[in-house]
Amino acid sequence: MKWINVIAALLGCCWIMPAAEARPKLGVIVVIDQFRSIDVERWADVWGPDGFGGLMGKGAAHYDAIYAYSATETGPGHATIGTGAQPSAHGIVSNRWFVGREQVYAAFDPKGAIVGFPERPGRGPAQLRAGTLGDSMRAESGGHTKVVSLSVKDRAAILTAGFAANLVLWYDPIVGRYVTSMAYGAKLPDWAERLAVELPAHAHKNAEWNPLPIDPKWKKLLPDDSHTGEAQVYGLDDQFPHSLRDLTKEEEKRAAYPIVPTSTDDLVTFALSAVDHAELGKDDVPDLLIVSISSLDYVGHIFGPDSVEGFDSLRRADLALRTLVNGLESRLGKDGFVLALTGDHGSTPLVERVQAAGINANRVDADHLVRVAEDALNGVLGASGTTGARVLGFMPPHLYLDLSGIDESRAARALEEMRGSIEAIAGIAATYLPGVIRADEDAYGTIVRGALSAGRHGQLLVRQKPRTVFYWGGDARGTDHGTPYRYDRTVPLYVLGPGVRGGRYAAQVDPVDLTATLAFLLGVQAPDSCSGRPVGAVGAEAR
Ligand SMILES: [Zn+2]
């Protein structure tokens, strides 16, 4: 018996740490953007026992990983995964928020000029209020831990990576290549610079997306390829094929790249190249690799998660993960790494498809909601005059207001008037004040208040009815996420590697537990603000 196990047994611990020499030397976090538990479950026949890189069969599979807040967006989700903390601690309450009258993007960093493209807005971790697992590993190892983070989306790569990562790359659809910022270094390594340009350039020219063959027995669960409510963007039709090759405008090719599965394959190529060139997992100091796959989110927003495109995107992500896991196994051995997979949020089924089934579902014009709110405030307070609108913006659930200079009792009266007007809009269920809990409040208040952080949350929080999707700019198509309902908050959480007892786990977990689990398995310090706990599948039971 190892000494550490003897101590654990003497102390009567419930769990025994894996022996130090058995610990893997690479932690891998994979996030699938807009990844719903239900899609993995209902298509279980499609994946088979080796689905999602073997995680479903060999790993610990948690069906019920639930976010604690309704602001289920990419920024908050990735920050939660990276830090193992809730938004109150990591500060990412939405993808965008207001400070005073100024809108702030979650990955905006005034010191993060884009390398080679200084005219583009700065990107980096400046908005994070908590350190990540990568930061903690770098701090504890005196900088010997290497952290690499890759995604098509800037906020996904950055907010999961944190402050001290060695290499952070994302795709910029305006310049049409992968980039980094001065927040992470003045120059990309040569191998990364080459891939950053070549991979998307090849896809812009050649990528053609046709669906994999669909077994007739699966077809009844799928809608027609072209369904009412699906959107058409960047020159792409609402049905297959979706080919960058056939687009004529360069800006459309650049904008459409994140949608097609080639972008996911490119991330895997990048990730395995990073393992080779940065020598991840090769020495005694554990390293961290983060890959966030974005294509499912774009596809979900445009066509709906339950579309033919959504189904094919999942299958492509499954294949890409198999390539990643096989590539890691061939380089590091089966016991050389531990991999955790989750999603940053779920999504709402396509409204028109739900309505066709006779179930209530709505689309609500968010611009109308903002006008109603502004009119209600002005009805009590008088016109706002030259100071500009009193409603600054709506980033569900946050409604941002500027009531500065108005005395407290008048402001409170205007706020109550506005609440009544908003709650009267069809599709709106309730509103909540961030700091005041009414005695007769419903049970959603706690979840809707789950993404508050000082100075960044809205002055009012709005909850729509189930299967209600907001739209902006008059474009009432596609779908969204960002509600307190289970379809938006429930994601899978898988863990694969030495020290993990494979199987299906019914216990409810929170995505913050992913970070704590990886820290436990790697034998490293969990992040400063981590509130998660290692999942029960890791560590042996006490003898
Ligand atoms: Zn997302």
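The values are calculated or read from the model by the stated rules, or taken from the named source; none is laboratory data. Please read these numbers as outputs of a predicted model, since none were measured by experiment. Virtual Cβ from ideal backbone geometry, glycine too; neighbours counted across all protein chains shown. Side chains included, ligands, DNA and RNA excluded: accessible areas come from the protein's heavy atoms. Shrake-Rupley method; radii C 1.70, N 1.55, O 1.52, S 1.80 Å.
Brief remarks follow.
- Of the residues in region 192-207, not one is modelled with pLDDT of 95 or more and touching a Pro at 6+ places or on another chain (Cβ under 6 Å).
- Among the residues of region 32-46, those identified as closer than 16 Å to Pro305 by Cβ and not acidic (Asp, Glu) are Ile32, Gln34, Phe35, Arg36, Ser37, Ile38, Val40, Arg42, Trp43, Val46.
- Filter result for Gly134 (at positive phi and touching a residue at least 12 places away in the same chain (Cβ under 8 Å)): no
- Count of residues meeting criterion [under 12 Å from the mean Cα position of the chain (by Cα), part of a helix (DSSP H, G or I) and among the small types (Gly, Ala, Ser)] in region 40-93: 4
- If only residues of region 317-354 that are closer than 22 Å to Phe240 by Cβ and in contact with an Asp or Glu (Cβ under 8 Å, 6 or more places away or on another chain) are counted, the one that is nearest to the ligand (Cβ to nearest atom) is Ser347.
- All of (1) part of a loop (DSSP other than H, G, I, E, B); (2) surrounded by 24 or more Cβ atoms within 10 Å (Cβ to Cβ); (3) touching a residue at least 60 places away in the same chain (Cβ under 8 Å); (4) not basic (Lys, Arg) hold for Pro125 with one exception: (3).
- The residues of region 430-479 that are in contact with a strand residue (DSSP E or B) (Cβ under 7 Å, 6 or more places away or on another chain), of a type in the set (A, V, I, L, M, F, W, C) and farther than 13 Å from Pro396 by Cα, listed by number, are Leu433, Ala476.
- Exactly one residue among Asp50, Asp64, Asp39 is away from the ligand (no atom under 16 Å from the Cβ) and more than 28 Å from Ala274 (Cα to Cα), and that residue is Asp64.
- Wholly enclosed strands (runs of 3 or more DSSP E) of region 451-535 bearing at least 3 residues within 30 Å of Asp225 (Cα to Cα) and at pLDDT below 95: none
- Pick from region 152-191, criterion aromatic (Phe, Trp, Tyr) and within 20 Å of the chain's Cα centre (by Cα), ranking: farthest from Asn95 (Cα to Cα): Tyr178
- The test for being open to solvent by 30 Å² or more (accessible area, probe 1.4 Å) and over 30 Å from Thr228 (Cα atoms) holds for Leu403.
- Each residue in region 102-122 was checked for being free of Cβ contacts under 8 Å to residues at least 40 places away in the same chain and assigned to a loop (DSSP other than H, G, I, E, B), and 4 pass.
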